[in-house]
Amino acid sequence: MFDEPEDQSADLPRDPATRAREKSDEFRMHAELAAVFEAPRKFDARIIPGLDFDLAREIQRTMARLEKSKTPESPILAATSAADAATLLDMPAAKDLSTSDYHIHRRPGEVMIVRWLAGDDVETFYTRLQAHFDAALEGFRDDERSAHGWKQDPGVAAYLKALDAIELKTAERYLREPIRAHNLFVLSTQTADEININYLAQDIMGRSAEELVGPASAPPADAATEQDLAWFFKLFSLRGVREGVEQMCFFVFLQKSDDNPW
């Protein structure tokens, strides 16, 4: 996941709407990845190593507990989970930690990252999320129309029509208005068995893999293998409102793919 996809245009599924929906989901996940991690490159956010191990583990366990408390049908957390969610969102003030920056705890082959957003930074996140999705979808539409628009095939025509019909408002998909209107806590997750650590660090964040995962775990500068680059990835995205301020907490667990416990 998150590597360049193979060209599957010659093998379109029978259901054009299914293929279009799958591409929409793919672009949404890539847009979230970019919006969460691009801040060092776009907004001068800092990568801050040295996050306390006990605090990192507390955040990890709390996120896992919140995930287990959800129903499969909805990312909205039950009222019984509100205290845990509030504790996570309140941590920057409680622990004197900066927002927008990336707070990192590293161990060999394992990295935990926490990032909080509040107020205007949340607005910026949603703006960037939508922009990334729109750009990816529009570029894909153009490519597919150039590659297949000339074909006199009803299935291809239906597929291109389904692509044109996609219209996703990412803030709606992430339940932004219900969160603000009803003081809800919402948790969503994204998982990849293998993510290219250089793609995440260099292409999205604009930083070296060494700066992100540390020199002991970074892939070699020359002749890195697929195994060197492959990391397990799990992103938790918690959203809510605290004292009238819209807030987000992202927790990321990264581990070399040959040894992960999830």
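Specify which residue in the list Val241, Leu51, Pro220 is farthest towards the positive end of the charge dipole of region 14-256, using unit charges on the beta carbon of Lys, Arg (+1) and Asp, Glu (-1), about the Cα centre. Of Val241, Leu51, Pro220, it is Val241. Counting only DSSP beta bridges with both residues in region 14-256, the antiparallel share comes to about 90 percent.
Rounded to the nearest 500 deg cm²/dmol, what is the calculated helix-only ellipticity per residue at 222 nm for the chain, with -39500 (n - 2.57) per DSSP H run of length n ≥ 4?
Values: 10 runs with 118 residues, N = 262.
About -14000 deg cm²/dmol.
For Ile76 and Thr18, a Förster radius of 35 Å and the Cβ-Cβ distance give a FRET efficiency of 0.85, rounded to the nearest 0.05. The magnitude of the dipole of region 142-262, with charges of +1 and -1 set on the Cβ of Lys/Arg and Asp/Glu and taken from the Cα centre, is near 680 debye. Calculate I(q)/I(0) for region 58-101 by the Debye formula, one identical point scatterer on each C-alpha and no solvent, and give its log10 at q = 0.26, 0.34 Å⁻¹ to two decimals. Debye curve over Cα of region 58-101, log10 I(q)/I(0) at q = 0.26, 0.34 Å⁻¹: -0.94, -1.21. Please report, to two decimal places, log10 I(q)/I(0) for the chain at q = 0.17 Å⁻¹ as given by the Debye formula with identical point scatterers on the Cα atoms and no solvent. These q points yield log10 I(q)/I(0) values of -1.36. Dipole size of the chain about its Cα centre, with +1 on Lys/Arg Cβ and -1 on Asp/Glu Cβ: approximately 820 debye, rounded to the nearest 20. Here the label points at Glu243 and Lys151, each 7 Å from Cα along the C-beta direction, are separated by 5.8 nm in the simple model. For the pair Asp258 and Arg173 in one chain, pulling the backbone fully straight at 0.36 nm per residue adds 27.3 nm over the alpha carbon distance.
Between the residues Tyr199, Val156, Leu77, the greatest Cα displacement towards the positive end of the dipole of the chain, with unit charges on the Cβ of Lys, Arg, Asp and Glu, is found for Leu77. Remark: the Cα gyration tensor places region 120-185 in the oblate category, a/c being 1.5 or greater and a/b not exceeding b/c.
With 0.36 nm allotted per residue and the present C-alpha distance subtracted, the Ala181-Ser208 stretch has 5.7 nm of extension available.
Look at the Cα gyration tensor of region 1-143: its axes a ≥ b ≥ c give a/c of at least 1.5 with a/b over b/c, and that counts as prolate. In this simple spin-label approximation, Asp52 and Ala223 carry label points 7 Å from Cα along the Cα→Cβ vector, and these lie 4.5 nm apart.
Laboratory data are not the source of any read-out in this text; all were calculated from the coordinates shown. Remember, it's a predicted structure, so these values are computed and weren't measured experimentally. Quick reminder, even Gly has a Cβ in these numbers, built from the backbone with ideal geometry, and neighbours come from all protein chains shown.
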